[in-house]
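**Student:** Can you keep this structure in mind? I'll have questions shortly.
The values are calculated or read from the model by the stated rules, or taken from the named source; none is laboratory data. In this text the structure is predicted, and so the values were computed from the model without any measurement. So basically every Cβ, Gly included, is an ideal-geometry build from the backbone, and we count neighbours across all protein chains shown.
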């Protein structure tokens with residue numbers, strides 16, 4: 001959950017450094033993070049960028065868990081995915097991508113995470129429209145794939161890898177892309193490998 005908040009507007013390597021800072025000081029527990037003053041938290045997560053904003057967003061999430069679920073992640077994740085998603089989206093600073101990342105990766109809930117890589121890759125392959133929003137793209141995946149937590153997790157990880165390594169924002173490496181040049185999500189080429 002910490003990673004889901006910290007990865008907003010930055011890359012994972014910077015988030016990893018921030019999380020390492022928390023681990024080194026044995027702060028990566030709900031109780032310790034919740035009790036940590038926001039100013040101290042901001043300094044610990046500095047490598048993630050926008051650390052003052054992210055420390056407040058993380059504290060908002062921790063306060064929500066304390067207030068609504070007595071600090072119990074087990075209680076929180078016992079809720080059905082739709083109710084919990086709506087609750088998490090009420091937390092200031094938590095949008096759909098962050099909420100869905102929390103649900104999938106921390107809560108093991110069957111939610112497909114859509115990020116900038118997903119939008120970029122599937123727009124460039126003419127699978128989704130450039131003006132499709134988060135929910136339209138997410139619905140496409142949810143209707144096209146079986147509801148499987150492991151599949152959603154792996155699929156998103158592969159999208160991130162293709163986005164980082166090949167489908168770059170500028171200067172994409174289309175000729176080397178493992179997805180090739182095809183027109184449809186449902187019928188990829190037999191040669192597609194990761």
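**Student:** Test each condition in (1) modelled with pLDDT of 95 or more; (2) within 17 Å of residue 99 (Cβ to Cβ); (3) surrounded by 17 or more Cβ atoms within 10 Å (Cβ to Cβ) for residue 22 and report the one that comes out false.
**Tutor:** Of (1) modelled with pLDDT of 95 or more; (2) within 17 Å of residue 99 (Cβ to Cβ); (3) surrounded by 17 or more Cβ atoms within 10 Å (Cβ to Cβ), only one is false for residue 22: (2).
**Student:** Quick one: which of 68, 75, 39, 31 is farther than 21 Å from residue 99 by Cα, in the same structural domain as residue 98 (by TED's automatic domain parsing) and assigned to a helix (DSSP H, G or I)?
**Tutor:** 39
Quick grid of which residues meet (1) in a loop (DSSP other than H, G, I, E, B); (2) surrounded by fewer than 16 Cβ atoms within 10 Å (Cβ to Cβ); (3) in contact (Cβ under 8 Å) with a residue 60 or more places away in the chain:
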site	(1), (2), (3)
58	no, no, no
94	yes, no, yes
114	yes, no, no
126	yes, yes, no
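**Student:** Can you report the number of residues in the range 130-147 which are more than 24 Å from residue 12 (Cα to Cα) and either touching a helix residue (DSSP H, G or I) at 6+ places or on another chain (Cβ under 7 Å) or in contact (Cβ under 8 Å) with a residue 24 or more places away in the chain (or both)?
**Tutor:** 6
**Student:** Right, next: With (1) within 25 Å of residue 157 (Cα to Cα); (2) buried (at least 16 other Cβ atoms within 10 Å of the Cβ); (3) modelled with pLDDT of 95 or more as the list, and residue 8 as the residue in question, which single condition is left unmet?
**Tutor:** All conditions pass for residue 8, except number (3).
**Student:** Pick from 98, 10: which is assigned to a loop (DSSP other than H, G, I, E, B) and within 16 Å of the chain's Cα centre (by Cα)?
**Tutor:** On inspection, the qualifying residue turns out to be 10.
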